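Remarks on the structure that follows.
Every number here is computed from the coordinates shown, using simple stated rules; none is lab data. Keep in mind it's a predicted model, so treat the numbers as computed, not measured. Counting neighbours? That spans all protein chains shown, and the Cβs are built from the backbone with ideal geometry, glycine included.
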Amino acid sequence: MTDFNNESVAAIETTLNDVDRVLERLRVGNYRSCQVCQAPIDEAELITTPLLANCPAHPELA
Ligand SMILES: [Zn+2]
């Protein structure tokens with residue numbers, strides 16, 4: 001097994017930080033709300049894209 005390079009580690013850390021944020025949103029109960037406009041996000045979208053944070057009007061993942 002080869003070692004990850006620093007860029008790979010940074011990318012993995014970014015994804016895991018996103019997961020942490022999503023888990024926090026699940027815990028406080030705003031997981032289904034767009035992080036920009038608070039519109040409800042479609043449940044089917046969240047099942048296929050669990051890290052989705054925004055409604056279709058605000059498609060950026062963060
Ligand atoms: Zn929105």
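A few comments on the model shown:
- Residues (of a type outside the set (S, T, N, Q) and not in a helix (DSSP H, G or I)) located in the stretch 7-39: Gly29, Tyr31, Arg32, Cys34, Val36, Cys37, Ala39
- Residue in the stretch 28-39 that is out of contact with any strand residue (DSSP E or B) (no Cβ under 9 Å at 6 or more places or on another chain), within 13 Å of the ligand (Cβ to nearest atom) and β-branched (Val, Ile, Thr) present: yes
- Residue list for the stretch 1-53, restricted to those being touching a His at 6+ places or on another chain (Cβ under 9 Å) and either polar (S, T, N, Q) or surrounded by 11 or more Cβ atoms within 10 Å (Cβ to Cβ) (or both): Cys34, Gln35, Val36, Ala39
- Restricting attention to the stretch 40-54 and to residues that are part of a loop (DSSP other than H, G, I, E, B) and more than 12 Å from the chain's Cα centre (by Cα), the residue that is nearest to the ligand (Cβ to nearest atom) turns out to be Ile41.
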